[in-house]
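Remarks on the structure that follows.
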Amino acid sequence: MPLIPSEWRRILPLVLIMAVVAMTVGGMSLIVLYQTAFDEAKSRLTDTAQSRARMIEAIARFDQIHSHSYPGGPYHATLTQVEEAHDNYKGFGETGEFALAKRQGNEIIFVLRHRHTVLDGSKSVPFQHDEDHDHIAEPMRHALLGHSGTMVGLDYRGVTVLAAYEPVDVLNFGVVAKIDLAEIRRPFIRAAIILFTLSVVIIGLGIVVFSYVSEPMVATLMESEALRHSRLKLMQAQSIIREKAIYLDNILSSAMDTSIVATDENFLIRYYNPTAEKLFGYTKEQILGRSVLEVHEWEEVDPSDFQKGLERIAVVGSHLYQVQREVGGSIRTLESRASSILDEEGKLVGYVLMSKDITERKEAEDSLVKSERKYRLLMEYANDAIFVADTRTGIILDANKAAANLLGRSVDEIIGMHQSRLHPAGREQEYKAFFQNQIQYGSGVLTDVVVVHQDGRLIPVEIRAGVTDLGDKQVIQGIFRDVTQRKRAEDALRESQSRLFKAQRIARLGNWDWDIVNNTLYWSDEIYRIFGLDPSQCQASYAGFIEAIHCDDRERVSQAVKEAIVDPKVSYDIQHRVVRPGGALRTVREQGEVIRNEKGQAIRMMGTVHDMTELKEVEEKLKDLNANLESRVIERTHQLEAANRELEAFSYSVAHDLRAPLNNILGFSKILLDEHHDKLGKEGGEYLHWLDASGKQMTRRIADYLKLARSTRVALRHEKVNLSELFAHAAHLIQQLHPETLTVSMEITPNLMVHGDKDLLTVVAENLLSNALKFTCKEEKGVIHFGVNKQGGDRAYYVRDNGIGFDDNYANRLFEPFESLHDPGISDGSGIGLTTVQRIIHRHEGKIWAESTLGEGATFYFTIGK
């Protein structure tokens, strides 16, 4: 029997109220869970964006110091490492993506995306809003403006996403980690539909079943109005319980990233959601109703670990731990929390294990730790000073060793200082404005800045600053580079350039630089002056250069330029004339060098222009003078040669003619001494002895004069001569003729060969050895050595003795005729022996010189031409 109308009036409001309550509770639960999932996604995206941004900044700072030799420079080195690190990273979830972009003019250029296009594909959208791209890529636009945060907006595809954005200070890039908002909402929309459908179905079924099944029993049992009310309340309570059970099961089943396993107090598994199936690899059919201890045996879990977990749950109510296991063929990191389930009276009724795959989060955390460690190392070992200050207060929070060295203070002294104290007093407002400007725009560079050293010195620096987040604080990081040496170099360069310009003007030398590829030509001021042109009224160009050349020289200059460009072996060096605007001619010499690329193609040509007009005029005058002078010199030389030949012939004739009467004098003197000395008396005998000695001395001198004359008169007969044998033979003859020299030791280097006139070289040997023996024979251990050594690349032969030597300051006088550096009692020679040696050596295209220290012997060196 159906319920009577009066019963319907009582039950229907209650049913409606319970339905509304159930739907409200379910809806609120869905909203709370959705908000929780939304916040977790926002937090995860923020962590991802910030960790990627800091990692890229650290890599970029490192590459700016160490990767200048990398092809393309530090920028390409950093981008290559980032691309390699993310090459196999495919995002998260179904639509999660990490994007990297930069601003280029009024365009946003995406240089790195993962899911919706190929990794190296480029995409651009306008930076400013327009009608066609209104609010497209809004998160990346915020990042490139230096902002950090999260938002719901349109990505570069025009799809609504939840995104976290972060600026990359060093490269002026932006980082965005995003996920489609539809993906976050999808499970909750599906759960809401399921919840609403099931609620409607269950309410409807409950009413029908209650009406047709329970009515007879209710009619029988209900004896009073109070009993019927109790029955209705009970049915409503049961309905709510069923609805909540279904609602809870739907919520737990829709937990996409969290596995849930529930047991009773005896560890029998009573609940096992779909995510648990994915993470642990067992189906519901395999797990439900089994003991946790049995599953642990399958997994080979150490029982002591399980017992320790239970003990911790008994103390604090839960146990949090991490474990690694294979999921889907790869090792994943799971974070699990085991908790106890208590009833209203606090009695243990079971346990629940909630596990979540945190592999990506763990990797991000590890990456962040490594990034922070790398950042610390980069900061500590950086050559530049680094300061980190709070953007709100301006207080310095951190500094590196280079900063301490820059200021002459310890790091502890610097930390806690206000950033304005780094600079000289009186410029606070200027530096405060710069500080605030960097906070507003996120980054910047400041030059012409000084900091104050502890000893009061002002040190010029260049500052590069960027704003970032450090924990819960926003900080500004400033990199201070000491540019003292650079400033000095720039000053020196300016001074050097000024000297160069002055020197070029004095030397009338200009320089030019021709960019062959772009056909642009640079002239120095001096070239304009040489060509008689005004730099303010004309522009340097190759065509203008050719036009300024004299018409008769243009083809020759053009051909020289072409040959130098085409053939690397040909140098550009040419003299030609230029015609000034007024018609005046100037003569110039041009020299240039061609610069080529790696393919050997000419890309640039640099050179000089030397105004040689006055020099050419002087050269012409000198040429005329030299021509006249040369003819006069030739004429005078012929006269001198003729006079010398006559003088030599006369001297030779006189010396030769004197020998006959002198021999008669010596012959008759000897007869008188041998046959009539008893008739001359003592005084007459002495006179005759003096006459004989003077005659013999005269004979020797005449012989020396004849040798000197013969050394220049006879023709040279070149042959291969063994100098060692020649000197050895001469030494033997001299010592035989002068027995007093036998005490001197002769050391002759063997087999010294030359090409020359043997007879004349014999005269050289006799004179040099006689000279050495003369001043060495009185020594107790006299030694004379003939040998050879290297002198400036030539073979220098020498005669060295350990005799009395001479004052080296007068060495050049030795080879002058009739000169002697010793007293007549020590030296009784004619004074022309060394002169004869010098002439013979000169005829052999050689040189001769002497070196000595008084009292330590002498060395005579000579060379023989080839």
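Remarks
- With bins 5 Å wide beginning at 0, the percent of Cα pairs of the stretch 552-639 falling in each bin runs 3, 12, 15, 15, 13, 11, 9, 8, 6, 4, 2, 1, 0.
- Using a Förster distance of 35 Å, the FRET efficiency for Lys616-Glu845 (Cβ separation, nearest 0.05): 0.40
- Percentage, to the nearest whole number, of Cα pairs in the stretch 266-408 over 27 Å apart: 47 percent
- Largest first, the three principal axis extents of the alpha carbons in the stretch 293-360 are 45, 26, 16 Å in whole numbers.
- Theoretical gain in end-to-end length, Gln736 to Ser410 [0.36 nm per residue, Cα-Cα removed]: 108.3 nm
- Computed from the Cβ-Cβ distance with R0 of 35 Å, the FRET efficiency linking Ser339 to Lys473 stands at 0.50.
- Net lengthening on full extension, Phe501/Thr80 (0.36 nm per residue, minus Cα-Cα): 147.1 nm
- Shape call, the stretch 330-375: gyration tensor on alpha carbons, a/c limit 1.5: prolate
- For Leu353, solvent-accessible area (1.4 Å; no DNA, RNA or ligand), Å²: 40 Å²
- The three principal axes of the Cα atoms in the stretch 510-610 give end-to-end lengths of 44, 28, 19 Å, sorted in falling order.
- Ile17 paired with Ser745, simple spin-label distance in nm, labels 7 Å along Cα-to-beta-carbon: 14.1 nm
- Taking only the Cα atoms of the stretch 378-438, the ratio Rg/Rh comes out at 0.97, with Rh defined as the Kirkwood radius.
- Gain on full stretching of the segment that runs from Ala627 to Val450 - 0.36 nm per residue minus C-alpha separation: 56.9 nm
- Calculated P(r) tail over 20 Å for the stretch 349-456, as whole % of Cα pairs: 55 percent
- Pairwise label distance in nanometres, Arg486 with His68, each label 7 Å out on the Cα-Cβ vector: 1.0 nm
- Kirkwood Rh (inverse of mean 1/r, distinct Cα pairs), the stretch 442-583, angstrom: 20.1 Å
- Peptides ranked, highest mean first, by Cβ atoms within 10 Å: ranges 760-771, 601-612: 760-771, 601-612
- Overall form of the stretch 472-529 per C-alpha gyration tensor (a/c, 1.5; a/b vs b/c): oblate
- With the alpha-carbon atoms of the stretch 401-510 aligned to their principal axes, the span from lowest to highest coordinate is 67, 33, 27 Å, starting with the largest.
- Debye log10 I(q)/I(0) for the stretch 713-809, one point scatterer per Cα, at q = 0.12, 0.25 Å⁻¹: -0.41, -1.32
- R0 of 25 Å, Cβ-Cβ distance Gln436-Gln104: FRET efficiency to nearest 0.05: 0.40
The values are calculated or read from the model by the stated rules, or taken from the named source; none is laboratory data. Everything numeric in this text was worked out from a predicted model, so none of it was measured. Cβ coordinates were reconstructed from backbone atoms using ideal geometry, including for glycine residues, and neighbour counts include every protein chain displayed. Accessible surface is based on the protein model in full, side chains and every heavy atom, while ligands, DNA and RNA are left aside. Shrake-Rupley method; radii C 1.70, N 1.55, O 1.52, S 1.80 Å.
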